[in-house]
1. What is the order of Thr101, Thr54, fewest Cβ neighbours within 10 Å to most?
2. What FRET efficiency do you get for Arg124 and Glu64 if R0 is 25 Å and r is their Cβ-Cβ distance, rounded to the nearest 0.05?
3. What residues qualify as long-range amide H neighbours of Val103, i.e. H under 5 Å apart, gap of 5 or more or another chain, H built at 1.01 Å from N?
4. Karplus couplings for the range 138-146 from phi (6.51 cos²θ - 1.76 cosθ + 1.60, θ = phi - 60°), rounded to Hz, Gly and Pro as x?
5. Give, in nm to one decimal, the length gained when the segment between Asp140 and Lys77 is fully stretched (0.36 nm per residue of separation minus the Cα-Cα distance).
6. Pulled fully out, how much extra length does the chain show between Asp151 and Ala99, if you take 0.36 nm times their separation in residues and subtract their Cα-Cα distance?
7. May I ask you to derive the relative contact order of the range 52-176, considering only C-alpha pairs under 8 Å and at least 6 residues apart, and to give it as an integer percent?
8. How far apart, in nm, are two points set 7 Å out from the Cα along the Cα-to-Cβ line at Trp168 and at Ala53?
Amino acid sequence: MSPMRTRISAILCSLFLAAHAGVAETAPHRTAPPLVRIHRVPVAGIPVSADPATFVLKPADIPEQNWRPGHRGVDIKALPGDKVVASATGIVTFAGVVAGTPVVSVDHHSGVRTTYEPVRAVVRAGTKVRRGQVIGTLADTNKLPQTARRDPGLSWGAKVPGGGSTQWVYVDPMELLGPAVVRLIPEGSQPAGVPD
């Protein structure tokens with residue numbers, strides 16, 4: 001092979017390797033599946049039609065990769081002792097303590113898993129819950145161990161099954177609420193098509 005061809009081959013190989021070197025280091029972009037928007041705000045007393053600006057203390061800041069910094073849920077205005085309800089029908093998968101913080105997790109039929117903390121559970125793992133059913137009360141963070149979550153209000157998180165090597169993908173739980181729908185119905189009637 002001529003020196004010129006050798007040089008050109010070396011340059012082309014270098015360009016190819018440089019172009020593909022970052023591929024192995026970067027995790028693929030994960031896209032969450034479409035969300036089923038039948039959830040409600042998980043604090044009793046907050047109306048379904050409430051403006052999020054009236055109850056969100058800290059919005060979600062979901063990182064592109066699970067290991068990156070961010071806020072994997074939304075903090076909702078609530079006081080210790082307030083009733084926390086299931087955002088949608090599902091099965092309680094966890095009701096216990098993680099790093100000093102009492103947590104409840106619910107798997108929903110849509111594939112979404114929601115988490116609620118710090119919540120003193122009144123349900124156990126395996127319990128079927130309905131949308132709006134009380135699952136616990138907001139714990140007083142001043143009475144929890146030092147390792148516990150300290151932010152005010154209810155932390156409501158959501159995740160969906162991921163693809164590839166990622167078990168779960170975090171999503172903004174506010175996306176589960178969808179747009180408010182206003183319907184006029186006769187007094188005392190149950191609207192058709194409203195999930196239980």
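Just so it is clear, none of the values below were taken in a lab; they were calculated from the coordinates. Quick caveat, the model's predicted, so the values are computed rather than measured. Don't worry about glycine lacking a Cβ; one is built from the backbone with ideal geometry, like all the others, and counts go over all protein chains shown.
1. The most exposed by this proxy come first: Thr54, Thr101.
2. 0.10
3. Distant-sequence amide H within range of Val103: Gly96, Val97, Val98, Val119.
4. 5, 6, 7, 5, 5, 9, 9, x, 4
5. 21.4 nm
6. 17.3 nm
7. 29 percent
8. 3.2 nm
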